Amino acid sequence: MDVDPSLLHRLFYPQVPLVLSAMSGARVSAMPVVSYASVSDSPPLVAVSCARGGFTLKLALKARAFSLCILDGSHVDALSRLATVSGAKVKDKLADAGLRYRKGDQLKVPIIEGSVASLECSLAFKKRVGDHTLLVGSVEAASANESFSGFWDFRKYRPLLYTGWKGKLTTYPER
Ligand SMILES: Cc1cc2nc3c(=O)[nH]c(=O)nc-3n(C[C@H](O)[C@H](O)[C@H](O)COP(=O)(O)O)c2cc1C
């Protein structure tokens, strides 16, 4: 079949979602993202594409910093909540989703407790790309739990594989 351009991103599923979080003043916001990539090893740079107008994007631009956290398959309900509530509606979107966090070691960014891995990124630059804004972050710190020792041990880490929003967050295999 011909694939409609609006569906192209679904060809990439399943994908492991990350949670992009930012804080500024008393506001904390976060959103699941799958449009991300590691784009340079030296210097270490990562890129994330965010729909324009989103609150979490605005907060990350204001803070000029953001974190990326990987949550495992046990956090599907929290990820669903982060995807359905706008950060504009709640003072602390992570708390609203039942997620606890601490401040980063290098940057004032939220690091979600129970993450299997986390990256602290300062904003290197942003670029408008079509209807999205590409955030390119310089990775100032990164850590992972004991499931990672150069490669993931998938007997310990069960990644959440996102297959799309079909009225609710769906995964492979289905839960
Ligand atoms: C698994 C998953 C991945 C997502 N990936 C992206 C993404 O890469 N970029 C994006 O702009 N929105 C993405 N979204 C949608 C945002 O997470 C969602 O619109 C969120 O509520 C935005 O939060 P905000 O209003 O606080 O900015 C994704 C949603 C889900 C469930």
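Only the coordinates and a few stated rules stand behind these numbers; no lab work does. Since the structure is predicted, the reported quantities are computational estimates derived from the model, not experimental observations. Note that we place each Cβ from the backbone using ideal geometry, even for glycine, and neighbour counts take in every protein chain shown.
Quick rundown of the values:
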quantity	calculated
Karplus-derived HN-Hα couplings along segment 33-49 (A = 6.51, B = -1.76, C = 1.60, θ = phi - 60°), whole Hz, x at Gly and Pro	9, 10, 8, 9, 7, 7, 10, 7, 8, 9, x, x, 10, 10, 10, 9, 9
Cα-projected label distance for V16 with V39, points at 7 Å along beta-carbon direction, nm	2.1 nm
Separation between Cα centres of segment 118-156 and segment 1-66, rounded to whole Å	10 Å
Residues listed by number, segment 142-175, amide nitrogen under 19 Å from A51 label point at 7 Å toward C-beta	162-171
Those GluC sites (Glu not before Pro) in segment 107-175 that DSSP places in a loop and that have at most 15 other beta carbons within 10 Å	E113, E146, E174
Cα gyration tensor of the chain - equivalent ellipsoid semi-axes, whole Å, descending	22, 20, 18
Sites matching trypsin sites (Lys or Arg not before Pro) across segment 64-93 that sit in DSSP coil, with at most 13 neighbouring C-beta atoms within 10 Å	K89, K91
Cα-centred dipole magnitude for the chain, charges only on beta-carbon of K, R (+1) and D, E (-1), debye, nearest 20	660 debye
Table column - 3J(HN,Hα) (Hz), segment 165-175, Karplus curve with 6.51, -1.76, 1.60, x for Gly and Pro	9, 10, x, 7, 5, 10, 10, 10, x, 5, 9
Cleavage-rule hits, trypsin sites (Lys or Arg not before Pro), segment 121-160, DSSP coil, Cβ neighbours within 10 Å at most 16	R155, K156
K62-K89 pseudo-label distance in nm [points 7 Å out on the Cα-to-Cβ vector]	1.9 nm
Cross-link table K93/K127; K108/K166; K127/K156; K58/K166; K91/K168, entries beyond 31 Å C-alpha to C-alpha	K108/K166; K127/K156
Helix-only mean residue ellipticity at 222 nm for the chain, each DSSP H run of n ≥ 4 adding -39500 (n - 2.57), per residue, nearest 500	-3000 deg cm²/dmol
Given charges at Cβ of Lys, Arg, Asp, Glu: segment 5-171 dipole, positive-most of I111, S147, A63	A63
Distance in nm between pseudo-label sites at A142 and V3 (7 Å out along the Cβ direction from Cα)	2.7 nm
